[in-house]
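Peer 1: A single structure is presented below for examination.
The values are calculated or read from the model by the stated rules, or taken from the named source; none is laboratory data. Predicted model only: the values in this text are computed from it and were never measured. All Cβ positions, even for glycine, are placed from backbone atoms using ideal geometry, and neighbour counts span all protein chains on display. Heads up: the accessible areas ignore ligands, DNA and RNA and are worked out on the full protein's heavy atoms, side chains in. Shrake-Rupley method; radii C 1.70, N 1.55, O 1.52, S 1.80 Å.
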Amino acid sequence: MKVLVVGNGGREHALAWKISQSPRVTEVFVAPGNAGTARDATNVPIEVSDQAGLIKFAKDNGIDLTVVGPEAPLVDGLVDAMEAEGLRAFGPSGQAAELEGSKVFCKNLLHTANVPTATYRAFRDGDEANRYIRDRYSDPQEPVQVVVKADGLAAGKGVIVCDTREQALVAIDRIASRREFGAAGKELIIEEKLIGQEASVLAITDGETILTLPAAQDHKPAHDGDTGPNTGGMGAYCPTPVIDEEMMQRIEADVLVPVVHAMKRARRPFKGVLYAGLMLTPAGPKVLEFNVRFGDPECQPLLMRLQTDLVDVIEATVDGRLSELEPLQWDERPSICVVMASEGYPGSYEKGREITGLDRADAIEDVKVFHAGTTLDDDKVVSNGGRVLGVTAMGNSISNAKLQAYTAVKEIRWPGAWCRKDISDKARSYVS
Ligand code: AMP
Ligand code: GLY
């Protein structure tokens, strides 16, 4: 069969790499892809927002299955549009993708379904939000522990964690008055700041059956020790000891099952990858957010460990027969992904720097270099984004996987390349 992967990040490279290992797959296309997917699959120059172009390509080329990687085309209803044309596509409908596309929708649903999450208020009006903060914290010096969030998609940037009243007022102004996040800021949320370890629990569901994947931990802040500005994610590892078997059962029972049911009751049945971003607080796990797709970079270490044919899992989801699937098989060994980024990221950065050492890194045992922001310039691989590569490795222990990944990182060079040095160290305090 022929498969089309939509997207151009590290997640989509990992998806294309894994899907192409299926004995049932003859050809994998990636739209628009990057320099890494050009090597493991065939790139087609169609943007993720070009619904008509993607549908035409799928029809003209006899694509049997389309796998949509990023959230924006899902929220825009790409899966609905493909299904309306008789094409098979993996991912939630546009209505179901609102779970990520609107934080207000998500919070309301969590509230209705009694799922633990930070207490919150939603505002349509910036002045009202401003008054709320001023009334609640009348003393400007008083510590303020709130998070201000733009309602819509903002590529991870529309969330502002505030420690002072002034920061909260500035955040409201940026979202509601200056409209820094465009239409995503038409509504905003002010919620309680939660304290604890963060973890990502991803599940695949056809709307009835829920297959939970091993828990992972992302590293959102740019610098070591979780300091510096927030990024799209500087690395991840899986499984994480911060979620043990008992905690996983609690998350399934208290978060995943009620959300899948609530989506069904809301007549927005959810099919695809359900990603719960969680804070493990002293009062138990609480939902920070839901995503409606694989996490990036969590997808890379997850898929490296998956032994089951991913195409079987995807097809069973699309066809609503996940309950018939054998339990997923995983490599016992942990894996980690270290993101290598451009100088300046998450601020502005230069593109077009030539990357060397990729083959030497890839040749190391149990290492795969997934590309994110790369492109081909003639036959040279050059940087083309903020997060450039996701160097992913497995090992007999988390520390061995870490050693292996950083050994590969050392082989790779371009001017200004950098990465966090402490990916997976959060696991240390939990390992006996
Ligand atoms: P989100 O996109 O909603 O996951 O937010 C991005 C990041 O902001 C999360 O990964 C957390 O690190 C942080 N964050 C979001 N909501 C909260 C909260 N209520 N309390 C503390 N940190 C939060
Ligand atoms: N790793 C965080 C995300 O994919 O949103």
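Peer 1: Along the stretch 373-389, what does the Karplus equation 6.51 cos²θ - 1.76 cosθ + 1.60 (θ = phi - 60°) give for ³J(HN,Hα), rounded to whole Hz, x for Gly and Pro?
Peer 2: Once rounded to whole Hz, the list reads x, 10, 8, 9, 10, 6, 9, 8, 8, 10, 6, 8, x, x, 8, 9, 9.
Peer 1: Another question, if that's okay. Please work out whether the chain counts as rounded, prolate or oblate from its C-alpha gyration tensor, where a ≥ b ≥ c are the square roots of the eigenvalues and a/c under 1.5 means rounded, while otherwise a/b larger than b/c means prolate and anything else oblate?
Peer 2: Values: a/c = 1.42, a/b = 1.24, b/c = 1.14.
Judged from the Cα gyration tensor, the chain comes out rounded (a/c under 1.5).
Peer 1: Convert each backbone phi in the stretch 217-231 into a coupling constant with the Karplus relation 6.51 cos²θ - 1.76 cosθ + 1.60 (shift: θ = phi - 60°), then list the ³J(HN,Hα) values in order as whole Hz, x for Gly and Pro.
Peer 2: 10, 8, 10, 6, x, 5, 10, 3, x, 6, 10, x, x, 5, 10
Peer 1: Continuing with this model, one more query. For L288, enumerate residues with amide H under 5 Å from its amide H, sequence gap 5+ or separate chain, H modeled in the peptide plane.
Peer 2: G277, L278, M279
Peer 1: Near the amide H of T164, under 5 Å away, which other amide H atoms are found, from residues 5 or more places off or on another chain, if H is placed in the peptide plane?
Peer 2: V144
Peer 1: Would you mind getting the accessible area per residue of the stretch 131-279, heavy atoms of the protein chains only, 1.4 Å probe, in Å²? Could the numbers behind the result be given before it?
Peer 2: Working: 6440 Å² over 149 residues.
Solvent-accessible surface per residue comes out at 43 Å².
Peer 1: Let me ask another. Given H placed 1.01 Å from N in the peptide plane, which residues other than close sequence neighbours of Q197 have an amide H under 5 Å from its amide H?
Peer 2: For Q197, whose amide H was placed from the backbone, the distant partners under 5 Å are L280.
Peer 1: Then there is this: With every protein chain left in place and a probe of 1.4 Å, what is the accessible surface of K149, to the nearest 10 Å²?
Peer 2: 10 Å²
Peer 1: Continuing with this model, one more query. If D378, D226 are ordered by their accessible area, calculated over protein heavy atoms with a 1.4 Å probe, which sequence runs from highest to lowest? Don't skip to the answer; put the middle values down first.
Peer 2: Numbers: D378 140, D226 70 Å².
Largest accessible area first, the list is D378, D226.
Peer 1: Straight-line reach only, C-alpha to C-alpha below 18 angstrom: list the lysines that K380 could link to, leaving out same-chain residues fewer than 8 apart.
Peer 2: In chain and number order, the partners are K351.
Peer 1: Can you bin the stretch 265-340 into rounded, prolate or oblate? Criterion: square roots of the alpha carbon gyration tensor eigenvalues sorted a ≥ b ≥ c, rounded for a/c under 1.5, prolate for a/b above b/c, oblate for the rest.
Peer 2: On the way: a/c = 1.82, a/b = 1.06, b/c = 1.72.
Cα axes put the stretch 265-340 in the oblate bin.
Peer 1: For the full complex of protein chains and a 1.4 angstrom probe, list D312, D379 by accessible area with the highest value first.
Peer 2: D379, D312
Peer 1: Return one whole number: the accessible area per residue of the stretch 1-70 in Å², for a 1.4 Å probe. All intermediate terms of the calculation are to be shown ahead of the outcome.
Peer 2: Numbers: 2540 Å² over 70 residues.
Roughly 36 Å² per residue, with all protein chains present.
Peer 1: So, one more: Any chance you could run the full-extension gain for H111 through S399? It's 0.36 nm times the residue separation minus the Cα-Cα distance, nm to one decimal.
Peer 2: 99.7 nm
Peer 1: How large is ³J(HN,Hα), in whole Hz, for each residue of the stretch 267-284 in order, when computed from phi with the Karplus curve 6.51 cos²θ - 1.76 cosθ + 1.60 and θ = phi - 60°, using x for Gly and Pro?
Peer 2: 6, 10, x, 9, 10, x, 9, 9, 10, 9, x, 10, 10, 8, 8, x, 8, x
Peer 1: Moving on to the next point. Which entries of K2/K56; K220/K402; K107/K426 show an alpha-carbon separation above 25 angstrom in the structure shown? Don't skip to the answer; put the middle values down first.
Peer 2: Details: K2/K56 15 Å; K220/K402 18 Å; K107/K426 28 Å.
In this structure, K107/K426 lie more than 25 Å apart at Cα.
Peer 1: Please report the carbon-and-sulfur percent of the accessible area for the stretch 224-316; probe 1.4 Å, protein heavy atoms only, DNA, RNA and ligands left out. It would help to have the intermediate numbers written out before the result.
Peer 2: Values: 1560 of 3190 Å².
Using a 1.4 Å probe with all protein chains present, the stretch 224-316 comes out at 49 percent carbon and sulfur.
Peer 1: I'd like the FRET efficiency for E354 and R24, computed as 1/(1 + (r/R0)^6) with the beta carbon distance as r and R0 of 45 Å, rounded to 0.05. Intermediate results must be reported in sequence, preceding the final value.
Peer 2: Working: r = 37 Å, r/R0 = 0.83.
Efficiency computed from Cβ-Cβ geometry: 0.75.
Peer 1: Students often forget the sequence filter, so: which aspartates and glutamates lie under 16 Å Cα-Cα from K410 once same-chain residues fewer than 8 apart are removed?
Peer 2: In chain and number order, the partners are E354, D359, D362, E365, D366, D422.
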